[in-house]
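Notes follow the structure.
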Amino acid sequence: MTDFFYLIPIALALGAAGLAAFLWSLRNGQYDDLDGAAERILFDDDKPLKDDPPRQKK
Amino acid sequence: MPTGPSDLGDDLLLASRIAGPGLRQNELSVPTIHCGGCVQRIERLLGGLPEVERARVNLSTKRVAVTWRGDVPPPLISTLTEAGFAAHIHDFAVEEKDGVLRELVRALAVAGFASGNIMMLSVAVWSGADPASRDTFHWLSAAIALPSLAYCGRIFFRSAWQALRHGRTNMDVPISIGVLLAFGLSFYDTLHHGAHAYFDAAISLLFFLLVGRTLDHLMRERARTAVKGLARLAARGATVLRADGSQRYVPVADIRPGMTILLGSGDRVPVDARVLAGQSELDVSLASGESLPQPAGVGDRLQAGTLNLTGALTLQATAAAQDSFLAEMTRLMETAEAGRSAYRRIADRAARLYAPVVHLTALLTFGGWLLVTDDLHLAVTVAIAVLIITCPCALGLAVPMVHVAAARRLFKGGIMVKDGGALERLAEVDHVVFDKTGTLTKGVPGLADPDAVAPDLLAIAAAMASCSRHPYSQAIVAAAWARGLPLTAPEELREHPGTGLEARIDGRLWRLGRSDWALSEPSLRDGVMLSENGRLLGRFCFEEELRPQAREAVAALEAMGISSEILSGDHEGAVRRLALPLGLPYRADVSPVAKVDAISSLARAGRKVLMVGDGLNDGPALAAAHVSMAPASAADVGRSAADLVFLHDTLGAVPEAIDIARKARDLVRQNLILAIGYNALAVPIAILGQVTPLVAAIAMSLSSIVVVGNALRLGRGRSQRAASKGDKLGTMQPAAGMAR
């Protein structure tokens, strides 16, 4: 019976952590370019962009 | 100038903002970015320029943010154009952080958290918790509900308060009353150890409504950003010759009457002005609707917004920007908009009927129960249960969800809707008024019969024309491109504004231009002549090209029972040539004011007019019409005045938009009937006092799901075709950009 005195605060804290994480990611601009993020994961840029010679036209 | 006119170096500097010590940042809009490959290529290209510190592409908004060092902008636009990406400057001034969206999303997150946790506690209560735990859970729910109600509810409370203060009512009034009373009653019951609390109903109601509201806002925002990302057609600034002989690039707003302006070919006239020196031809199609370029010489008056085509001009400003032609159009637009009868959205009309009925029912229930049982608490509980069950949750989602689905579908077809009200108005349309130049036609002439000219002559003509901005030259180049002819730039090429082009190839004098100039024995035939040493070799005729599917669009409109007509600012002959084959009634030589008058008189006759137009001169008419559409190529004011903007070339967008708007109207009606039917079922149960929090939660979720599901039916179907169309556009645009 007294179990939920532990469980409920834990449940609420987990929920609040999720909410805080979402609000942080929103403020951090993680949702500004959803399409771009989906593509960028496929790039394999190990070198800094500036040292790359500009690629020629296809 | 360090950079060519095509690179807009001065404009880049004007549009940039300071991004740090020695650093400036520009945003460019590149509408043809469509995949990860483009992102990588653009970032490498721009990142490879020595001055560029950082280039970052945003694929969702199709924009590039470039940070660069120094005072002279790097050649950003020409670099992109050479790679086949048409780019233009995006103003920071119009770009503000979208505070409303952030507020909505935050409120949505908080409401989601609160409703989830309260629901968890409520389910425990419904499954039969003992009174002591039930009280604890109710107190916990209240502790979560109170701050979230204050945080998420204020959006609704604010709008309801605004409406009440002005003696009106909207959907937010019954929502606010319902939510507040539900919370108040539950809090009272929690204090007195009651069995039922409606905290979950109050908060999940807010959650559902916030979903609808956020989606609605996202839809409008997406259309707004897409339209804002289009190329700006008004001049941003102009090169002014100062008294000491120095030149300076100043913003349009700083130009005063009497200043001397140097206008290169390819620039737009910034303010109303008079020609001091030089000779050129001007493309006035956006300003007046005339399709043929107008010659301009010393002493001629020019309207702001016209495009200088062939020669450099020295101008004297005759009016400041705020007194120019453009500003006059803006003023006309404002009066036209004020004259337009106010449109009440369906949701607001429904709310006006809905709120009194609901509140009266609740009041009667309260009175009835008080009379029968003489129990004040019970009477209040039942009356509030009626309010909760009738809270327009489904109604609040019924309209925005359909509009979001419709806007999504239109977006796939390249049509932007500015708000849901425009869709409702579009569905009522029974008459369409088309502008001619740039709307029914492509705005640039095409070669009438390209096969009539021998390929080698066409190649020579195109080689001569490739350096000219005159629309006829560009039409010849486009025809040569279309046939894959190789172009070799001739040496010694000269452009004579108003007459034509002259080149010397292998010692022979070639001319491309008017017959009395190009030929040694002028004939009276019109068209552009190609001559060698005065001898006629080829003749090019031009015609205005209809937009693709113009004929089909007019036929489709007729099949929908919608009549069409043409109102054009162009001359009689040009309009007739186009109107006759389309079978449309027309009026030519119509001034901007006359266009507004024509539309107002149609409106007085009870017609619901859709105005489709693109020019500056159409701006007031667009604002006056019941609903308006503009192509992406329209003048800036036209685009911002129009309710809908279509991005693809085809005119099929007009019947397609009306069709989807009508389907959306049907779905909105169905949804309203569903929502009302749900109330008709639930209200008697509530009046009888049988609604427990569990029943309320189930009823509310079910009705919302039904309404959302019905709205999503619009999103399906035909998306395949729209997708292939989009691809075609993506591959076509870079080619067109290179041909320019």
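The values are calculated or read from the model by the stated rules, or taken from the named source; none is laboratory data. These numbers come from a predicted model, not from an experiment. Note: ideal-geometry Cβ built from the backbone for every residue, glycine included; neighbour counts use all protein chains shown.
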Out of the residues in segment B:56-81 meeting the condition of being within 8 Å of chain A (Cβ to nearest Cβ) and without any contact (Cβ under 8 Å) to a residue 60 or more places away in the chain, tell me which one is surrounded by the most Cβ atoms within 10 Å (Cβ to Cβ). B:VAL57
Exactly one of these conditions fails for B:ASP375: (1) touching a residue at least 40 places away in the same chain (Cβ under 8 Å); (2) farther than 19 Å from B:ALA351 by Cα; (3) among the charged types (D, E, K, R). Give me its number. (1)
Among residues belonging to segment B:655-702 that are touching a Ser or Thr at 6+ places or on another chain (Cβ under 9 Å) and of a type in the set (Val, Ile, Thr), point out the one that is nearest to B:THR439 (Cα to Cα). B:VAL683
For segment B:190-205, state whether one or more residues are buried (at least 24 other Cβ atoms within 10 Å of the Cβ), within 20 Å of B:VAL691 (Cβ to Cβ) and charged (D, E, K, R). yes
Going through segment B:571-615 one residue at a time, which ones are over 13 Å from B:LYS436 (Cα atoms) and of a type outside the set (Gly, Ala, Ser)? B:PRO581, B:PRO592, B:VAL593, B:VAL596, B:ASP597, B:ILE599, B:LEU602, B:ARG604, B:ARG607, B:LYS608, B:VAL609, B:LEU610
Looking at B:ARG409, B:ARG425, can you tell me which residue is closer than 30 Å to B:GLU565 by Cβ, part of a helix (DSSP H, G or I) and touching a His at 6+ places or on another chain (Cβ under 8 Å)? B:ARG425
Extreme residue, surrounded by the most Cβ atoms within 10 Å (Cβ to Cβ), among residues of segment B:120-140 that are within 11 Å of chain A (Cβ to nearest Cβ) and part of a helix (DSSP H, G or I): B:LEU121
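So that you can scan it fast, the table gives a plain yes or no per residue for (1) within 9 Å of chain B (Cβ to nearest Cβ); (2) at pLDDT below 85; (3) at negative phi:
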position	(1), (2), (3)
A:LEU26	yes, no, yes
A:LEU34	yes, yes, yes
A:PHE43	yes, yes, yes
A:LYS47	no, yes, yes
Filtered residues of segment B:615-634 (kept if touching a strand residue (DSSP E or B) at 6+ places or on another chain (Cβ under 8 Å) and buried (at least 24 other Cβ atoms within 10 Å of the Cβ)): B:ASP618, B:ALA621, B:LEU622, B:ALA624, B:ALA625, B:VAL627, B:SER628, B:MET629, B:ALA630, B:PRO631, B:ALA634
For segment B:155-173, state whether one or more residues are more than 14 Å from chain A (Cβ to nearest Cβ), farther than 29 Å from B:ASP216 by Cα and in a helix (DSSP H, G or I). no
Residue satisfying all of: in segment B:23-44; surrounded by fewer than 22 Cβ atoms within 10 Å (Cβ to Cβ), closer than 25 Å to B:ALA632 by Cβ and without any contact (Cβ under 8 Å) to a residue 40 or more places away in the chain; farthest from the other protein chains (Cβ to nearest Cβ) among these: B:GLY37
